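The values are calculated or read from the model by the stated rules, or taken from the named source; none is laboratory data. Predicted, not measured: the structure shown is a model, and the values here were computed from it. When we count neighbours, we look across all protein chains shown, and the Cβ atoms used for this are built from the backbone with ideal geometry, even at glycine.
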Amino acid sequence: MSKRNQLQTYGSTLVRRCTALALSLTLVAVAAAAMALENGRDAESALRELKAGNQHHVSHRYSHPHQSAARQRELVAGQHPHAVILSCSDSRVAPEIVFDQGLGDLFVVRVAGNVAGDVELASIEYAAEHLETPLVVVMGHQKCGAVSAAVAGGEAGGHLPALIGAIQPAVAKANGQAGDRVENSVRLNVEMIVERLRTSQPVLAELVHHGKLRIVGAVYSLDSGAITWLPESAAPQ
Ligand SMILES: [Zn+2]
């Protein structure tokens, strides 16, 4: 065999081997992605779906997924929600509507001011650990009454002081910041709660550490219906 032919043969063998290697790597990647989906461990696709659903809400062109009788029956066997939403109880921010989701899609924890005390943390831990939900969204909103009450200060009756006390750290942090004090407090409240969840021992912090859980902050606009996603590095370290 001439030197040139030898080189050609060597070259084509190399190309075949590289192609085979690339193919195996692709198969490994596809298998890993499939496994991530199977385990419900795909925060990225869950976030993509929520963003798309919010676009439907903004344009009022809903697809109303997963609201059939068949879906209802299918869920009797169990639930695998792809996102936990910790949002305010405010009647204007219903997660299934603002994200255009259906039955079995969202594990929703709602409490005024979207605060995270032990009871809320336990609910989130249940979804993250036992239902393997890969994404948590902490969602504040424009003109939040609970945050406004915390900003206004003064006397509050009943059990309200407990709620206002939970929001006060964000209000204190917003002091001196330029811009609207309520809106700043809403954003800071979300950021501080995101950080609280990310560092919550022993369950959530471990899941975050092992890449099995992603926690993001968001603020909902009553005006436009749009979600503003907070930068994931914005949370205080
Ligand atoms: Zn609110």
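Can you tell me which residues in region 191-217 are aliphatic (A, V, I, L, M) and either under 23 Å from residue 98 (Cβ atoms) or part of a strand (DSSP E or B) (or both)? Write out each step before concluding.
Of region 191-217, the ones aliphatic (A, V, I, L, M) are 192-194, 197, 203-205, 207-208, 213, 215-216.
Selection gives 192, 193, 194, 197, 213, 215, 216.
State the number of residues belonging to region 106-122 that are closer than 21 Å to residue 160 by Cα, of a type in the set (A, V, I, L, M) and within 16 Å of the ligand (Cβ to nearest atom).
Let us first name the residues in region 106-122 that are closer than 21 Å to residue 160 by Cα, namely 109-121.
With of a type in the set (A, V, I, L, M) added as a condition, the list becomes 109, 111-112, 115-116, 119, 121.
Among the residues that remain, those that are also within 16 Å of the ligand (Cβ to nearest atom) are: 109, 111-112, 115-116.
Looking only at that region, the number is 5.
Please state which one of 125, 132, 155 is of a type outside the set (Gly, Ala, Ser), touching a residue at least 60 places away in the same chain (Cβ under 8 Å) and assigned to a loop (DSSP other than H, G, I, E, B). Break it down into steps so the answer makes sense when it comes.
Details: 125 fails: assigned to a loop (DSSP other than H, G, I, E, B); 155 fails: touching a residue at least 60 places away in the same chain (Cβ under 8 Å).
Only one candidate passes the filter, namely 132.
Quick grid of which residues meet (1) in contact with a helix residue (DSSP H, G or I) (Cβ under 9 Å, 6 or more places away or on another chain); (2) under 27 Å from residue 98 (Cα atoms); (3) outside the structural domain of residue 51 (by TED's automatic domain parsing):
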{"position": "133", "(1), (2), (3)": "yes, yes, no"}
{"position": "147", "(1), (2), (3)": "yes, yes, no"}
{"position": "154", "(1), (2), (3)": "no, no, no"}
{"position": "158", "(1), (2), (3)": "no, no, no"}
{"position": "169", "(1), (2), (3)": "yes, no, no"}
{"position": "179", "(1), (2), (3)": "no, yes, no"}
{"position": "185", "(1), (2), (3)": "yes, yes, no"}
{"position": "189", "(1), (2), (3)": "yes, yes, no"}
{"position": "219", "(1), (2), (3)": "yes, yes, no"}
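Could you tell me whether residue 152 is more than 12 Å from the ligand (Cβ to nearest atom), under 16 Å from the mean Cα position of the chain (by Cα) and not polar (S, T, N, Q)? Give the steps one after another, and end with the answer.
Working: more than 12 Å from the ligand (Cβ to nearest atom): yes; under 16 Å from the mean Cα position of the chain (by Cα): no; not polar (S, T, N, Q): yes.
Here the answer is no, as residue 152 does not meet what is asked.
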Quiz item: If you take the residues of region 175-186 that are more than 13 Å from the ligand (Cβ to nearest atom) and in a helix (DSSP H, G or I), which of them is surrounded by the most Cβ atoms within 10 Å (Cβ to Cβ)?
Solution: 184
Quiz item: Of the residues that make up region 123-138, is at least one within 15 Å of the ligand (Cβ to nearest atom) and surrounded by fewer than 22 Cβ atoms within 10 Å (Cβ to Cβ)?
Solution: no
Practice problem: Keeping to region 178-196, report how many residues are touching a residue at least 24 places away in the same chain (Cβ under 8 Å) and of a type in the set (Gly, Ala, Ser). | Solution: 1
Quiz item: Across region 76-94, what is the total count of residues that are within 13 Å of the ligand (Cβ to nearest atom) and in contact (Cβ under 8 Å) with a residue 40 or more places away in the chain?
Solution: 6
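Yes or no, residue by residue, for (1) over 15 Å from residue 140 (Cβ atoms); (2) in contact (Cβ under 8 Å) with a residue 60 or more places away in the chain; (3) within 13 Å of the chain's Cα centre (by Cα):
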| residue | (1), (2), (3) |
| --- | --- |
| 167 | no, no, no |
| 198 | yes, no, yes |
| 205 | yes, no, no |
| 209 | yes, no, no |
| 217 | no, yes, yes |
| 233 | yes, no, no |
Quiz item: Which of (1) within 16 Å of the ligand (Cβ to nearest atom); (2) free of Cβ contacts under 8 Å to residues at least 60 places away in the same chain; (3) surrounded by 14 or more Cβ atoms within 10 Å (Cβ to Cβ) does residue 98 not meet, given it meets every other one?
Solution: (2)
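Based on what the data block shows, is residue 172 in a helix (DSSP H, G or I) and either within 21 Å of the chain's Cα centre (by Cα) or surrounded by 24 or more Cβ atoms within 10 Å (Cβ to Cβ) (or both)? Even if it seems obvious, please write down each step before you answer.
On the way: in a helix (DSSP H, G or I): yes; either within 21 Å of the chain's Cα centre (by Cα) or surrounded by 24 or more Cβ atoms within 10 Å (Cβ to Cβ) (or both): no.
Judged against the criteria, residue 172 is not a match.
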